[in-house]
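I have placed the structure first, in the form of structure tokens, so that the comments after it can refer back to it.
Only the coordinates and a few stated rules stand behind these numbers; no lab work does. Computed from a predicted model, the values in this text were never measured in an experiment. Cβ placement follows ideal geometry from the backbone for every residue including glycine, while neighbour counts extend to all protein chains displayed.
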Amino acid sequence: MKWRGKSSPSRRAICGSDKPRSKQERVREEFLPQVESEVARFIRLPSSRVVRIREMIASPPLAEKQNSAYRCTEIICRDKRISNQKNNFVNQSPKKYRWNFVTEPEQGLQITLESELNITPSLSTVLINRGITSYDLAKQFFRPTFADMHDPFLMEGMEIAVQRLRSALENKEKILIFGDYDVDGTNSTAMMYLFLQSLNADVSYYVPDRIVEGYGVSLSGIRKGKELGTTLLITVDCGVTAIEQIEFARELGIDVIICDHHRPGEQLPNALALLDPLKEGCSYPFKYLCGCGVAFKLIHGILLRLHTDINKVEEILKEYLQFVVLATAADIVPITGENRVFMKLGLELLNRSPRTGIRTLIQTAGLKSKKLTIAQIVFVLAPRINAVGRMGDAHRAIHLLTSNDEQEANELASVLEKENTARRKVDEETFLEAQVIAEELLNLDNPAALVLHQEHWHPGVIGIVASRIVEKYYRPTVMLTTIDGKVKGSARSVDGFDIYTALSSVEEKLLQFGGHKYAAGVLLESERVGEFRDAFSKSVGDLMTDELRTPRLTIDCELPLSELTPRFMRIIEQFSPYGPQNSRPTFIAKNVIVWGAPRIVGKGHLRFKVRESMENGSAVYDAIAFGLGERITEVRHTATIDIVFSLDDFSETIPASNGNQQLPQLRVKDVRAVEQGS
Ligand SMILES: [Mn+2]
């Protein structure tokens, strides 16, 4: 691949410095790649499972104690309250997968790509599995540039939005940004605020209260805008379904520009400009921007009208890409197309020169790495930003994100840290209580779905806890709490099962419900919880197939271990950043031989060695299988097994000291004994 050229990492860069590493550095270097691999494993599973992992590792003290993401679960189970109840939580689903092979690509296409890029068949398969089917797409995939970003004016409504915003700037009108309390919403708000400020705008922002107002444009926010004398309202990460609210703003003489990425309903709000790639008739080529991505396109549009020099535009855009990176990672949108362009360019900038507030956030969270990954954003930074909205006022997150003052940023970052600790405590308590109820239900009549209700549960954490319950018991789960006499809850599903359809089938038991395949919200009368539980569990039981009861492990293709050359490793490393729809490539090596005695390390992880054949010179690879300790009997010396595995980043592995060729460590996700004689 020609463009790879001089930026291939040198041997020196791969090995890093010779300085001995501190324990903390080791934990970071060893623990975090594991985490990423965990994400990769779950990335094709519902976001619920991703959230579960997020919870496991969001804790820096834990991370420092042990290099195992599973440590967290054990600590929960060791909790005194659990042992006092003498409840063993026996119903946890065993770690079993069904293997799901990606359909083999069309041969002609594969051969063309192989020769054009000069790569092996396995690499071309991995690329084609990710929609990279031509030289040009591969070039953009591996080496994206600003030129790979789409023209913002392809988005319907952009021209009007840019014109209106420019006249507001010229006339010094009062502008209000209406945001949201999650990572996407706070970053959109912070970014737009800083951008408009840099143009000397008279701008302020408003974020609704999660508990009091809930998600979306609120009438109180608009009233607040009116009080301030606002004549232009810009919504970010919300607005596309706010029909009445936008009408209300109109009546008050406020023009509205909507920047949203959620799916519009049948009726559209009567805004001056509605930017949403999912809007019917919008020809914008990429449909999976997060809210911050849409807001970024508005900034892009303004800059193209303000400057004729494209280098100048890029230079300014760069400053705002950090927010897009955080939001895109945290919103679990596909890391393909323009999102990959944002991530690849933005992560580099973020690692090189983060702005004060973001740098402080990274440091306070215990990440000093110059190689921040999507997994670290999702599991370490995002929970901290979200925590302030869950536990109180989300404006604190925006203050931090926009802060340029070292001391102020430090103070705000520790507020986020404190709120995250508090949130985690509430989480864990709720999770423990939920487990007790789940176990009771499972022992009683083993329902296909879990419906759990406690009046006192915190509405800010029931979604997260529902995800953890799904992860643990592997069945669709609804967590309910009581607010103002009504029962309100969050539903989470397992991979492949449509929970929205299941809820629709019991619609008559509910006051209200909404959401999508994997996550939904419900509202019902408190006296109908029992009825709903029975009907919903029955419906899920009817709709659930045997296949969906076991998590799936998606495998890209077969990969003989002998193909793991340094060149292969250098190319495979450039598939990052990994995220939804670009998960870490996962391979199967068939009929490999276990070499030496396997060991159980940490708590229930399996460490062993494998080789391709018994011939002299057949390389011996180190393998680690997290959470597969119980499989030790299948992995005996000289046993023949199939392994499903991914690869650690080559640059993260420890170089061989004896001058031998450095071999990557295999991160084994599943093993299967090969029957002798077959
Ligand atoms: Mn969003």
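Annotations
- Set of aspartates and glutamates near K172 by C-alpha distance (under 19 Å), chain-local residues within fewer than 8 positions excluded: D202, E227, D255
- Euclidean distance between Cα centres, segment 524-587 to segment 401-445, Å: 25 Å
- Amide H within-cut-off set for R552, under 5 Å, with H built and near neighbours excluded: R98
- Placing +1 on the Cβ of every Lys and Arg and -1 on the Cβ of every Asp and Glu, with no other charges, gives segment 150-353 a dipole of roughly 320 debye about its Cα centre.
- Subset of K344/K590; K488/K517; K370/K669 violating a 22 Å alpha-carbon distance limit: K344/K590; K370/K669
- Cβ-based net charge around E244, under 13 Å, with every Lys or Arg adding one and every Asp or Glu removing one: -1
- Summing +1 for each Lys or Arg and -1 for each Asp or Glu among the other residues whose beta-carbon sits under 15 angstrom from that of R223 gives -2.
- Net charge of the neighbourhood of L524, taken over other residues with C-beta under 14 Å away and scored Lys/Arg +1, Asp/Glu -1, is -3.
- Phi to ³J(HN,Hα) by Karplus 6.51 cos²θ - 1.76 cosθ + 1.60 over segment 335-348, Hz, x for Gly, Pro: 8, 10, x, 5, 4, 5, 4, 4, 5, 5, 6, x, 4, 4
- Greater than 21 Å apart at Cα, pairs in K297/K368; K174/K279; K318/K371; K318/K418: K297/K368; K174/K279; K318/K418
- Distance (nanometres) between label positions extended 7 Å along Cα→Cβ at L199 and K418: 3.7 nm
- From phi via Karplus (6.51, -1.76, 1.60), per-residue ³J(HN,Hα) for segment 179-191 in Hz, x at Gly/Pro: x, 9, 8, 8, 4, 4, x, 5, 5, 4, 5, 4, 5
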